[in-house]
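Accompanying notes for the structure given below.
The values are calculated or read from the model by the stated rules, or taken from the named source; none is laboratory data. Only a predicted model underlies this, so the values are computations on that prediction, with no experimental measurement involved. Note: ideal-geometry Cβ built from the backbone for every residue, glycine included; neighbour counts use all protein chains shown. Heavy atoms of the whole protein, side chains included, go into the accessibility calculation; ligands, DNA and RNA do not. Shrake-Rupley method; radii C 1.70, N 1.55, O 1.52, S 1.80 Å.
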Amino acid sequence: MSRYARSEREALADLMLTLGPDAPTVNTGWTTRDLAAHLVVRERRPDAAGGIVLAPLRGYAERVRRRIAARPWPQLVGQLRRPPVWSPVSNPVTDELANTLEFFIHHEDVRRAGERWQPRDLPAGLSAALWRRCAPLARLALRRFPADLFVQAPGHGELSVGRGGEPVRMVGAPGELALFLTGRQRVARVQIDGTPESAERLRAAHLGL
C-alpha cells in the first residue's frame with residue numbers, strides 16, 4: 001500500500017488501541033468501537049458496504065456493523081490495521097486513491113474528540129493529496145450553496161463553487177478544508193470571509209454523506 005493511506009491507517013489503529021473501545025469520536029453518538037466497525041464493514045463486507053451511502057441498504061449495513069463491533073477490541077483493531085488484499089477499496093491498486101482521505105478524516109475524528117488537540121503539521125505530499133480531493137468534495141457538497149463561494153488553500157490553489165450571489169471566501173489548509181467539506185465544520189480550523197449570515201449558514205450546512 002502507498003505511504004499516506006498506510007501511515008494514516010497505522011496512526012489511527014495505534015491511537016484506537018491507546019484510547020480503548022469506548023473513547024468518543026467527532027461522529028455524534030459513535031465511539032471508537034463504532035468507528036472501527038464501520039471501517040471494517042467498508043473494507044471486508046462488500047455486501048453491506050453499500051449501505052454506507054444507499055438508504056435502502058442502511059438497515060442491513062447497520063446490523064452487520066453492530067455484529068462486527070461486538071468482536072474483541074484487539075481483533076477488531078487488528079482487522080482494521082490489516083485489510084484484505086481482495087478488498088475493492090484497499091487493495092494495492094486502489095488503496096492510496098480510496099483511503100488517503102478516508103483514514104485522514106477518521107484519524108482526526110478520534111484525535112479531535114479529545115481535549116487540547118491541535119492540528120498536525122502534515123507532510124507536504126499529504127497536504128497536496130488532500131487538496132486534490134478537496135476539489136470534487138467542494139463541487140459536490142457546495143454546488144447548491146447560495147453564494148459565489150471561493151475555496152482557497154494557500155500554497156495549493158483556489159476553486160470556485162456555489163450557485164452564485166454574494167461572494168464568500170473559505171480559507172484553510174487542505175486537511176482543514178477536507179474536514180469542513182465532509183461535515184466536520186465544528187472542529188475544522190477554517191476562516192470564512194463573508195457576511196455573518198453567510199458564514200453561519202456555511203458552518204451549519206449539512207455537508208458530506
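On the given criteria, is Leu76 touching a Pro at 6+ places or on another chain (Cβ under 8 Å) and assigned to a helix (DSSP H, G or I)? Judged against the criteria, Leu76 is a match. When each of Pro92, Pro119 is tested for being crowded, with 16+ Cβ neighbours inside 10 Å, part of a loop (DSSP other than H, G, I, E, B) and either touching a Pro at 6+ places or on another chain (Cβ under 7 Å) or in contact (Cβ under 8 Å) with a residue 60 or more places away in the chain (or both), the lone residue that passes is Pro119.
When Gly125 is tested against (1) in a strand (DSSP E or B); (2) in contact with a helix residue (DSSP H, G or I) (Cβ under 8 Å, 6 or more places away or on another chain), just one condition goes unmet, and that condition is (1).
When Thr31 is tested against (1) buried (at least 18 other Cβ atoms within 10 Å of the Cβ); (2) β-branched (Val, Ile, Thr); (3) within 26 Å of Arg133 (Cβ to Cβ), exactly one condition is not met: (3).
Annotation: Cys134 fulfils all but one of (1) at pLDDT 95 or above; (2) open to solvent by less than 10 Å² (accessible area, probe 1.4 Å); the unmet one is (1). Answer yes or no: is there a residue in the range 103-114 that is touching a strand residue (DSSP E or B) at 6+ places or on another chain (Cβ under 6 Å), of a type in the set (A, V, I, L, M, F, W, C), open to solvent by less than 70 Å² (accessible area, probe 1.4 Å) and closer than 22 Å to Arg184 by Cα. Taking every residue of the range 103-114 in turn, at least one turns out to be touching a strand residue (DSSP E or B) at 6+ places or on another chain (Cβ under 6 Å), of a type in the set (A, V, I, L, M, F, W, C), open to solvent by less than 70 Å² (accessible area, probe 1.4 Å) and closer than 22 Å to Arg184 by Cα.
Only a single criterion out of (1) within 22 Å of Leu54 (Cα to Cα); (2) modelled with pLDDT under 95; (3) open to solvent by less than 40 Å² (accessible area, probe 1.4 Å) is not satisfied by Leu181, namely (2). In the condition set (1) surrounded by 15 or more Cβ atoms within 10 Å (Cβ to Cβ); (2) out of contact with any Pro (no Cβ under 8 Å at 6 or more places or on another chain); (3) at pLDDT below 95, Glu166 is compliant with all but (1). Annotation note: of Arg58, Arg65, the sole residue that is touching a His at 6+ places or on another chain (Cβ under 7 Å) and either of a type in the set (Phe, Trp, Tyr) or part of a helix (DSSP H, G or I) (or both) is Arg65.
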